[in-house]
């Protein structure tokens with residue numbers, strides 16, 4: 001096999017080499033990965049991965065010997081899955097992840113390495129911090145069964161389409177969008193471990209720009225906070241979310257609704273009245289509302305937010321501490337604020353079955369929450385093994401791509417009906 005010298009000459013191999021094999025775009029593999037890119041400088045391992053790819057029924061297999069060649073291939077080919085080594089000459093796997101995140105393409109990525117699991121786990125977290133679809137890692141040597149299981153577990157979320165743009169909005173674009181109905185909502189179910197049923201949904205912001213394209217919320221919220229528009233954005237989200245929740249309740253769907261709020265919202269003394277008046281108009285009892293506050297947002301100046309949160313609790317609104325474990329004053333916040341629910345950040349869910357340090361921290365968080373008698377939600381569950389672990393540790397509920405991706409409001413009742421008609425499917429992936 002000739003070693004490629006640039007992207008144009010990089011190897012592309014027919015999936016099995018058999019005559020009459022369907023070409024790129026003609027069919028999908030059983031896992032949805034029709035086009036696989038192998039990024040590794042070890043020729044024997046490339047051959048092994050090519051055979052594994054054939055077993056996965058890939059229609060096309062591409063090969064690159066470092067990150068630079070891989071990027072050139074990605075720029076000219078629609079790749080579904082990347083199998084990437086970390087240690088390579090030239091551009092290594094770590095640097096490759098950064099450059100991949102700058103591109104529009106959004107392939108599934110599996111990281112490979114002969115180093116210890118701590119390095120692999122760090123690389124997985126780094127890739128996900130870049131917004132990449134890192135489904136997991138494998139330590140060399142590994143078997144076909146291990147690769148197959150990893151891809152099979154991640155397959156439900158593999159066809160998620162291109163990642164949304166992270167380009168920040170301009171203040172003018174934000175003003176225009178707030179005045180012209182740019183705010184849309186998606187909803188992600190929370191599923192009870194014990195009852196195996198939907199007990200709540202989280203409201204997620206979606207923003208549609210003037211051209212009709214969806215923009216990543218990470219491009220919206222910071223601009224709103226910096227330009228004194230966060231309260232207006234939250235007001236729109238709360239009104240739309242509670243109106244939809246009222247419709248669901250009227251149709252007999254008796255689950256709770258979670259809405260993320262900013263620290264800036266909590267500095268408004270009239271925020272509790274706004275939430276409660278809006279809920280009353282929509283026919284939503286306060287007991288079915290959960291406000292999620294990101295733990296990193298709770299600042300040292302706690303008096304005004306604490307008053308706001310305490311008054312909401314007095315009226316029956318539940319409070320969740322979101323992204324738990326990612327801030328600097330975790331225990332202090334739990335002591336100060338009357339939270340009712342703790343959401344384990346995906347940092348302590350993703351990869352936990354394979355990584356001892358993550359498993360240990362996850363266990364400590366769950367133990368703390370139970371001792372404080374808080375409800376526990378594990379978010380970011382993306383594989384069967386992650387689900388089994390948090391279920392065995394008796395968290396109350398889970399949410400994540402392995403259960404179901406966020407969906408438009410109109411799709412939720414049908415999904416719930418489907419899960420009720422297929423016993424066990426709620427916690428069995430899409």
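Quick rundown of the values:
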read-out: Residue check, residue 73 outside the structural domain of residue 358 (by TED's automatic domain parsing), modelled with pLDDT of 80 or more and either in contact with a helix residue (DSSP H, G or I) (Cβ under 9 Å, 6 or more places away or on another chain) or at positive phi (or both); value: no
read-out: Hits in the stretch 206-253 - residues which are touching a helix residue (DSSP H, G or I) at 6+ places or on another chain (Cβ under 8 Å), farther than 17 Å from residue 176 by Cβ, buried (at least 18 other Cβ atoms within 10 Å of the Cβ) and touching a residue at least 40 places away in the same chain (Cβ under 8 Å); value: 238, 242, 244, 245, 248
read-out: Residues (crowded, with 22+ Cβ neighbours inside 10 Å and in a loop (DSSP other than H, G, I, E, B)) located in the stretch 260-284; value: 284
read-out: Criterion (out of contact with any strand residue (DSSP E or B) (no Cβ under 7 Å at 6 or more places or on another chain) and either within 24 Å of residue 47 (Cβ to Cβ) or modelled with pLDDT of 90 or more (or both)) met by exactly one of 85, 80, 92; value: 92
read-out: Yes/no for residue 174 being within 18 Å of residue 58 (Cβ to Cβ), modelled with pLDDT of 85 or more and either out of contact with any strand residue (DSSP E or B) (no Cβ under 7 Å at 6 or more places or on another chain) or in a helix (DSSP H, G or I) (or both); value: no
read-out: Helices (runs of 4 or more DSSP H) contained entirely in the stretch 311-424, each with at least 1 residues that are more than 30 Å from residue 252 (Cβ to Cβ); value: 330-336, 356-371, 384-392
read-out: Tabulated pairs, the stretch 401-423, first closer than 20 Å to residue 206 by Cα and assigned by TED's automatic domain parsing to the domain that holds residue 243, second in a helix (DSSP H, G or I) and modelled with pLDDT under 90, C-beta under 7 angstrom, 6+ apart or interchain; value: 401/156; 401/157; 405/157
read-out: Of residues in the stretch 185-205 being touching a residue at least 60 places away in the same chain (Cβ under 8 Å) and more than 17 Å from the chain's Cα centre (by Cα), the one farthest from residue 403 (Cα to Cα); value: 194
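Rundown of residues vs (1) touching a helix residue (DSSP H, G or I) at 6+ places or on another chain (Cβ under 7 Å); (2) modelled with pLDDT under 90, yes/no style:
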position: 337; (1), (2): yes, yes
position: 343; (1), (2): no, no
position: 356; (1), (2): no, yes
position: 378; (1), (2): yes, no
position: 421; (1), (2): no, yes
position: 430; (1), (2): yes, yes
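The values are calculated or read from the model by the stated rules, or taken from the named source; none is laboratory data. Bear in mind that the values here come from a model prediction, so they are computed numbers and not experimental data. Heads up, the Cβs are rebuilt from the backbone with ideal geometry, glycines too, and the neighbour counts pull from every protein chain shown.
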